[in-house]
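> Encoded as structure tokens, here's the structure I'll be asking about.
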Amino acid sequence: MEPSQLTRFEAAVLPHLDAAYTLARYLLRDEHDAEDVVQEAYLRALNYFDGFRGAGPVEGRSWLLTIVRNTAYTLRANRRPDAHATEFDETLHSGGSEDEHPETELLRAADRETVQRALDALPVEFREVIVLRELQDLSYKEIAEVAGIPVGTVMSRLARARRRLERAIGAATKERD
Amino acid sequence: MKHDDFAAQLDAYGDGELMGNEAREMERHLRECAACARAHERQRVLRATMRAQLPALTAPRELRSRVRLALRAAAGVTPARPRPEWRWLAAAAVLVGIVVGTWKITDSRDAANAVVDEVLASHVRALMGTHLTDVASTDQHTVKPWFNGRLDFSPPVYDFAGLGYPLIGGRLDYVAGGPVAALAYGRRQHVIDVFLWPTQRGSTGGPPAVTRQGYHMLHWSAPDYTYWVVSDLGVTELGEFSRLLRQADSTAAR
Ligand SMILES: [Zn+2]
């Protein structure tokens, strides 16, 4: 590869290293795995670079995050072949009806540890839409692209992820007080 | 639309994903429906709590170097190595105990380039491996004495922590055919490597500022010491750091 092409590649994706690391870290819940996945994702991205036609930094971000996400899933699948099936069984750990809601004040009073635990406890498919939306501020269209799901699914998944978070945070904060 | 339809779209509305008519209809419904208004407020608080309590993370600085090195290796773009004859000369110089300054280097630009390569390679090697420091300490009075007996000079080590450039440590390195002091300072997540050796060893030349593969290098020769400063830090801050070094040196010399 020409040095100038590498420079172009780096300019498109290196600014998103923090975003890539954030996603990998929240998906894998392990800093070493996250680092390995980020490095691997950048190498994969380099291979696909010819196929990447987006010009702006924003397109570069979704494109890179898509590769990070898929690389993280590959690692998870290799580690624990049954992880996907188990975690996506939504009847597990649902803890109450979707119609029950905690007091808004309990959500307001939640501390960092409580929020972090509630997020970590979510199935990975729910966790990723929350991270992409709340930490990285991606639009539904961008989340759909990164997670490889329709926009309608982004909306319903986000909604359900939030109801679960509400219940978990509400319960933990109530217990604390 | 009925209440259930609006309720199902509340998240999308809160995320700014409803446009024009849809958003206006939702606003009207929220004024009329207490249940949706409560749900909307609860979602707003949850969103604010999530954003306030969950930090977006910063990649560790080693990861940045690791990724860049891996990319360069994969792309076949590797930092230029010192050419064999230079290495051979360096080794020979040590063996026979002659000093660098006595060499008759016919092409001084090549020699300067070789130093640039060596400094950069050493910096990158230190970042990617576990060998950033032989002596890791933020205390100049720990780092400076460590070089006693390891070098034939006593490198100046400064405390710039109060100015935002904390000392990380020091290590022994080998540049321009001789053992040199390498001092690591920090700036946020960036590492600044400072290579120095006595100017009396002879000039290696080299440009005062050069950028290679995203790393900036600044170089100067003071009466006492010859300096190379290298980092992926922005060139403005690296310049500021270099000025601090020069000022500290000239203050120490008085
Ligand atoms: Zn309603």
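The values are calculated or read from the model by the stated rules, or taken from the named source; none is laboratory data. The shown structure was predicted, so the numbers you read here are calculated from the model rather than taken from an experiment. No Cβ is skipped: glycine too gets one built from the backbone with ideal geometry, and neighbour counts run over all protein chains shown. Just so you know, the surface numbers come from the protein's heavy atoms only, side chains and all, with ligands and any DNA or RNA stripped out. Shrake-Rupley method; radii C 1.70, N 1.55, O 1.52, S 1.80 Å.
To keep it simple, each residue is scored yes or no on (1) more than 7 Å from every other protein chain (Cβ to nearest Cβ); (2) over 22 Å from A:Val129 (Cβ atoms); (3) open to solvent by 40 Å² or more (accessible area, probe 1.4 Å); (4) in contact (Cβ under 8 Å) with a residue 24 or more places away in the chain.
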residue: A:Pro3; (1), (2), (3), (4): no, yes, yes, no
residue: A:Phe9; (1), (2), (3), (4): yes, yes, no, yes
residue: A:Ala19; (1), (2), (3), (4): yes, no, no, yes
residue: A:Thr22; (1), (2), (3), (4): no, no, no, yes
residue: A:Tyr26; (1), (2), (3), (4): yes, no, no, yes
residue: A:His32; (1), (2), (3), (4): yes, yes, yes, no
residue: A:Asp36; (1), (2), (3), (4): yes, yes, yes, yes
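> On the basis of being among the hydrophobic types (A, V, I, L, M, F, W, C) and either within 9 Å of chain B (Cβ to nearest Cβ) or over 24 Å from A:Arg61 (Cα atoms) (or both), does A:Val131 make the cut? Don't jump to the end; show me each part of the working.
Details: among the hydrophobic types (A, V, I, L, M, F, W, C): yes; either within 9 Å of chain B (Cβ to nearest Cβ) or over 24 Å from A:Arg61 (Cα atoms) (or both): yes.
Yes: the conditions hold for A:Val131.
> Could you tell me which residue of region B:221-237 is farthest from B:Ser203 (Cα to Cα), considering only residues that are open to solvent by less than 20 Å² (accessible area, probe 1.4 Å) and either modelled with pLDDT under 85 or out of contact with any helix residue (DSSP H, G or I) (no Cβ under 6 Å at 6 or more places or on another chain) (or both)? Explain how you work it out, then say what you get.
Restricting attention to region B:221-237, the residues satisfying the condition of being open to solvent by less than 20 Å² (accessible area, probe 1.4 Å) are B:226-231, B:233.
From the residues that got through so far, the ones that are either modelled with pLDDT under 85 or out of contact with any helix residue (DSSP H, G or I) (no Cβ under 6 Å at 6 or more places or on another chain) (or both) too are B:227, B:233.
Values: B:Tyr227: 11, B:Leu233: 26 Å.
Going through the qualifying residues, I end up with B:Leu233.
> Can you say whether B:Leu245 is open to solvent by less than 40 Å² (accessible area, probe 1.4 Å), in a helix (DSSP H, G or I), assigned by TED's automatic domain parsing to the domain that holds B:Val135 and touching a His at 6+ places or on another chain (Cβ under 9 Å), as far as the supplied structure shows?
Judged against the criteria, B:Leu245 is not a match.
> Moving to a separate point now. Cβ-Cβ below 7 Å, separation at least six or inter-chain, first residue in region B:226-239 and assigned by TED's automatic domain parsing to the domain that holds B:Arg212, second outside any strand (DSSP E or B) and among the aliphatic types (A, V, I, L, M): which pairs?
Going by the 7 Å Cβ cut-off, the qualifying pairs are B:Tyr227/B:Leu245; B:Trp228/B:Val119; B:Val229/B:Leu238; B:Val230/B:Val119; B:Val230/B:Leu120; B:Ser231/B:Leu238.
> Output the residues belonging to region B:6-17 that are part of a helix (DSSP H, G or I) and either within 17 Å of A:Val151 (Cβ to Cβ) or more than 10 Å from the ligand (Cβ to nearest atom) (or both).
Going through region B:6-17, the residues part of a helix (DSSP H, G or I) turn out to be B:6-14.
Answer for region B:6-17, where residues must be part of a helix (DSSP H, G or I) and either within 17 Å of A:Val151 (Cβ to Cβ) or more than 10 Å from the ligand (Cβ to nearest atom) (or both): B:Ala8, B:Gln9, B:Leu10, B:Asp11, B:Ala12, B:Tyr13, B:Gly14.
> Please work out which residue is farthest from the ligand (Cβ to nearest atom), limiting yourself to region B:61-80 and to residues that are of a type in the set (A, V, I, L, M, F, W, C) and facing chain A (nearest Cβ under 7 Å).
First, the residues of region B:61-80 that are of a type in the set (A, V, I, L, M, F, W, C): B:63, B:67, B:69-71, B:73-75, B:77, B:80.
Cutting the leftovers down to facing chain A (nearest Cβ under 7 Å) gives us B:63, B:67, B:70-71, B:74-75, B:77.
Details: B:Leu63: 47, B:Val67: 48, B:Ala70: 53, B:Leu71: 52, B:Ala74: 54, B:Ala75: 56, B:Val77: 59 Å.
Once the filter is applied, the top-ranked residue is B:Val77.
> I'd like the full set of residues that are within 17 Å of the chain's Cα centre (by Cα) and hydrophobic (A, V, I, L, M, F, W, C), limited to region B:157-187. Let's see the steps before the verdict.
Going residue by residue through region B:157-187, those that are within 17 Å of the chain's Cα centre (by Cα) are B:160-161, B:163-171, B:182-187.
Answer for region B:157-187, where residues must be within 17 Å of the chain's Cα centre (by Cα) and hydrophobic (A, V, I, L, M, F, W, C): B:Phe160, B:Ala161, B:Leu163, B:Leu167, B:Ile168, B:Ala182, B:Leu183, B:Ala184.
> Could you tell me which of the residues B:Thr58, B:Thr49 is more than 16 Å from the ligand (Cβ to nearest atom), β-branched (Val, Ile, Thr) and closer than 30 Å to A:Arg8 by Cβ?
Working: B:Thr49 fails: closer than 30 Å to A:Arg8 by Cβ.
Matching residue, one of B:Thr58, B:Thr49: B:Thr58.
> So which residues in region B:125-144 are crowded, with 16+ Cβ neighbours inside 10 Å, in a helix (DSSP H, G or I) and at pLDDT 80 or above?
B:Gln140, B:Val143, B:Lys144
> All but one of (1) modelled with pLDDT under 90; (2) surrounded by 19 or more Cβ atoms within 10 Å (Cβ to Cβ); (3) not aliphatic (A, V, I, L, M) hold for B:Gly169; which doesn't?
In the conditions (1) modelled with pLDDT under 90; (2) surrounded by 19 or more Cβ atoms within 10 Å (Cβ to Cβ); (3) not aliphatic (A, V, I, L, M), B:Gly169 misses (1) alone.
> Then there's this: Could you list, in sequence order, all residues of region B:48-59 that are more than 7 Å from chain A (Cβ to nearest Cβ) and either in contact (Cβ under 8 Å) with a residue 24 or more places away in the chain or open to solvent by 60 Å² or more (accessible area, probe 1.4 Å) (or both)? Even if it seems obvious, please write down each step before you answer.
Looking only at region B:48-59, we keep the residues that are more than 7 Å from chain A (Cβ to nearest Cβ), and these are B:48, B:52, B:55.
Scanning region B:48-59 gives a single hit, B:Ala52.
> Any chance region B:18-40 includes a residue that's assigned to a helix (DSSP H, G or I), open to solvent by less than 60 Å² (accessible area, probe 1.4 Å) and more than 16 Å from the ligand (Cβ to nearest atom)? Before the answer, list the steps.
As a first pass, look at region B:18-40 and keep what is assigned to a helix (DSSP H, G or I): B:20-32, B:34-40.
Filter once more, so that each one left must be open to solvent by less than 60 Å² (accessible area, probe 1.4 Å): B:20, B:23, B:26, B:29-30, B:35-37, B:39-40.
In the following step, the residues that additionally are more than 16 Å from the ligand (Cβ to nearest atom) were identified as B:20.
Yes, region B:18-40 contains at least one residue that is assigned to a helix (DSSP H, G or I), open to solvent by less than 60 Å² (accessible area, probe 1.4 Å) and more than 16 Å from the ligand (Cβ to nearest atom).
> Could you check region A:144-166 and list, in sequence order, the residues that are of a type in the set (A, V, I, L, M) and facing chain B (nearest Cβ under 10 Å)? Can you show your working first?
The first filter runs over region A:144-166 and keeps only residues of a type in the set (A, V, I, L, M), leaving A:144, A:146-147, A:149, A:151, A:154-155, A:158-159, A:161, A:165.
The answer is A:Val151, A:Val154, A:Met155, A:Leu158, A:Ala159, A:Ala161, A:Leu165.
> Here's a follow-up. Does region B:18-36 contain any residue that is at pLDDT 55 or above, touching an Asp or Glu at 6+ places or on another chain (Cβ under 8 Å) and within 12 Å of chain A (Cβ to nearest Cβ)?
No, region B:18-36 has no match at all.
> Could I ask something else about it? Scan region A:1-37 for residues that are among the β-branched types (Val, Ile, Thr) and within 19 Å of the chain's Cα centre (by Cα) and jot them down. Working first, answer last.
Keep residues of region A:1-37 that are among the β-branched types (Val, Ile, Thr), which gives A:7, A:13, A:22, A:37.
Result: A:Val13, A:Thr22, A:Val37.
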